[in-house]
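Read-outs: derived from the displayed coordinates by stated rules, not from any lab. All values derive from a computational prediction rather than experimental measurement. Methodologically, a virtual Cβ is constructed for each residue, glycine included, from the backbone with ideal geometry; neighbour enumeration extends over all protein chains shown.
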Amino acid sequence: MHLELNPYNPGSGLPPRVMGGRQREIDAFDLIVARTQRDLPNRGMVLSGLRGVGKTVLLNYLRAHADNHGWFTIWLEGKPEAQGFTEVREKFARELTSAARRYNGPSGKDRLRQAFGTIQSFNVALGVPGIKAELDLGSDRANSGTIDIDLEELVEDVSLALKADRSAFAVFIDEMQDLDHELLTALITVQHAAGQRGWPFYIIGAGLPNLPTTLSEARTYAERLFTYRTIGPLDDDDAAYALTRPAREMGAEFSASALGTLLDASGRYPYFIQEFGKAIWDASPGTPFTEEDAEVAVAIGRSQLDAGFFSSRWGRATRRERGYLKAMAHDGDAGSSTSRIAERLGVKMTALGPARAQLISKGIIYSPEYGRVAFTVPGMAAFILRQHDD
């Protein structure tokens, strides 16, 4: 096989050649766009699922779709550390200015120029001075220093400017559960206000399975503000299509046994599909791919995952935290009771609080419900048992 023609693309947020199994989410966003064009109300959208299921890829796809329809879009990625909170706000400010310069709606452009002053004031309120727009307009809006007030005034001025073009202001947020509480609460609050007042403003967020809970804890009405979509592994047909279609476009085919072996090894998770697909293309002498080729590819793909995808997370854990992870691993990917972990380690639950908190902060585990924890990536339990069961 020609290595340079390999059609598979494993990587964080890298788009696959085939976007399979996500048509319902795409159709739901298409409906938001269509209703906006008719000046009808909408809700935002929240995508939640484990890492490796393609949330970032899908979020990027939806943003590109919004851009193609002339929306005013910005992109944020939550970061859990305190230093990350500042970085996110700086990114927010720069994305606002960049989006304002890009926007080219037929009638809203002039209206948006009038809102530049609000954008500049908001940027200063975020603590990011010195960002100049095309016009140096002063403004008495979005400069109170209280983010809830300033964000609401910003969204009002910008979204009403876009309303003339039947366009919308959309904030796409990856790793939304890691936004600092103040910014997260302000965003939810202004989404609520926008819906009540008919402003075309939407938050399209993605994050771990506990994101819906995080949002409702920030604001109880968040459960009614968004269309919630759980993003999981692909079904059999979509997973098979994601593997076979890229190969077929390059003149290659799978035997039925080879396809079944790779699907089983991947668990139908999009990231793993890309990893095993790349491995079989690189390792096979020719097409059609055989079951023997697939078995070699599984060994290679698993080695790649162990060396990067899994080990990067294991490497961030301290010795004490690794003990916690080992105790979790015996329950598999379904998750563990925190009391059961304490029992296995022979300590009181309170003694494990710091390790649990740090592992959550590092994005290695999350809490799907009170008293339980689970790995943020599929296959992590098997990796720990396979590599680190001493």
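Summary of computed values
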read-out	value
Residue of P209, P285, P16 that the Gaussian network model of the chain assigns the largest fluctuation, springs spanning Cα pairs under 10 Å	P285
The range 296-357 shape via C-alpha gyration tensor axes, a/c threshold 1.5	prolate
Residue among W71, W199, W314 with the largest mean-square fluctuation in a Gaussian network model of the chain, springs linking Cα atoms under 10 Å	W314
Spin-label model distance (nm) - D236 vs D148, 7 Å beyond Cα toward Cβ	5.2 nm
Other-chain or far-sequence residues with amide H under 5 Å of G205's (modelled H)	M45, V46, L47, I173
Order of T97, T350, T73 - criterion: other Cβ atoms within 10 Å of each residue's Cβ, fewest first	T350, T97, T73
Over 28 Å [Cα-Cα, the chain], rounded percent	53 percent
Net lengthening on full extension, R248/H181 (0.36 nm per residue, minus Cα-Cα)	19.4 nm
Computed label-point distance, nm, for sites E4 and D282 using a 7 Å Cα→Cβ extension	1.7 nm
Electrostatic dipole magnitude of the range 23-230 [Cβ: Lys, Arg +1; Asp, Glu -1; Cα centre; debye, to 20]	660 debye
Added length on full extension, which subtracts the Cα-Cα distance from 0.36 nm per residue, A28 to D67	12.4 nm
Cross-link table K79/K348; K91/K362; K79/K278; K278/K326, entries beyond 25 Å C-alpha to C-alpha	K79/K348; K79/K278; K278/K326
Exposed-site-free run, longest, the chain (rule: GluC sites (Glu not before Pro); DSSP loop; at most 14 other C-beta within 10 Å)	135-252
Additional length obtainable on full extension of the chain from T86 to E223, 0.36 nm per residue less Cα span	46.6 nm
Note, ³J(HN,Hα) from phi for the range 164-176, Karplus 6.51, -1.76, 1.60, rounded to Hz, x at Gly and Pro	4, 9, 6, 9, 8, 9, 10, 10, 9, 10, 8, 6, 4
